[in-house]
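Beneath this line is the structure, given in structure tokens, with notes to follow.
The values are calculated or read from the model by the stated rules, or taken from the named source; none is laboratory data. Quick caveat: nothing in here was measured; it's all calculated off a predicted structure. When we count neighbours, we look across all protein chains shown, and the Cβ atoms used for this are built from the backbone with ideal geometry, even at glycine.
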Amino acid sequence: MKIEKANRVSLVDQVVLQMEELIESGVWEVGTRLPPEMELMEQFGVSRNTLREAVRALVHSGLLQTRQGSGTSVCSSSILGAVIERRLYKSDLLETLEVRHALEREAARLAAVRRSEEDVRQLRMHMEACLQASRDQDNRAYAEADIRLHQAVANAAHNRLLIDLYHHMTDALHSSVRNLVELAPNMDVHQRIHGKLVDGIVTQNEEQAAEAVNEYMAHLKEVLTTSLEES
């Protein structure tokens, strides 16, 4: 990706926007350490003060983090993701499940209407991964496959905003979602619901797809409630 030299109008904002694009496009991936200050000043064609102000703005927004002795690095793939992660940190898991429920139910409905043949292939592939993990009695692999299956449902909705919201939410909650699925002792219940969900999307049955999400979330909430009572 070519970095353009900023002009004299809103220099800081221009540098911020270009840095955001470098991050969101994946040129600067999460964990990437930014190039030296002098190199960035030359690339963007700005002064040290302008560059530092832009970096401070991105640190404040949650895209970058600065650590003494380690320099500045990328800590989130988008501002939306950083904002969601900060908000989720203040919410309990039950509240988060309720929001996931709303997003996934609508995603399932839209997927049933809009899914493509490639979406169907992806759903069946992740469904098979869940089945294999279940046969192997590998809870961790099952949890990972479960997350990918539900992300594939969101992708099949073909609504970019919904996809971004859902993916950032599950990225931020990855470990919590994985642990929650691992707490569920009966994979057969998951598999039955997954089958109903995927079949509803493949056959373009909106109500069946949405009802499968309702069942899935009710099951997870029951697991969570039981876990909290036992702890």
message: Which of the numbered conditions does VAL27 fail, given that it passes all the others? Conditions: (1) under 19 Å from SER76 (Cα atoms); (2) part of a helix (DSSP H, G or I); (3) hydrophobic (A, V, I, L, M, F, W, C).
response: (2)
- prompt: Which one of these is buried (at least 18 other Cβ atoms within 10 Å of the Cβ), in a helix (DSSP H, G or I) and modelled with pLDDT of 80 or more: ALA141, ALA145?
  reply: ALA145
message: Among the residues of region 41-73, what is the count of those that are under 15 Å from GLU21 (Cα atoms) and either touching a residue at least 60 places away in the same chain (Cβ under 8 Å) or more than 27 Å from the chain's Cα centre (by Cα) (or both)?
response: 2
query: In region 158-231, which helices (runs of 4 or more DSSP H) lie fully inside it and hold 2 or more residues that are under 30 Å from ILE79 (Cβ atoms) and modelled with pLDDT of 80 or more?
result: 160-172, 206-230
query: Restricting attention to region 44-70, and to residues there that are part of a helix (DSSP H, G or I) and crowded, with 18+ Cβ neighbours inside 10 Å, which single residue is modelled with the lowest pLDDT?
result: LEU58
- request: Report yes if some residue within region 149-166 is on the phi > 0 side of the Ramachandran plot and assigned by TED's automatic domain parsing to the domain that holds HIS219; otherwise report no.
  value: yes
message: Against the condition modelled with pLDDT under 80, in a helix (DSSP H, G or I) and either surrounded by 19 or more Cβ atoms within 10 Å (Cβ to Cβ) or not assigned by TED's automatic domain parsing to the domain that holds ALA156 (or both), how does ALA107 come out, does it pass?
response: no
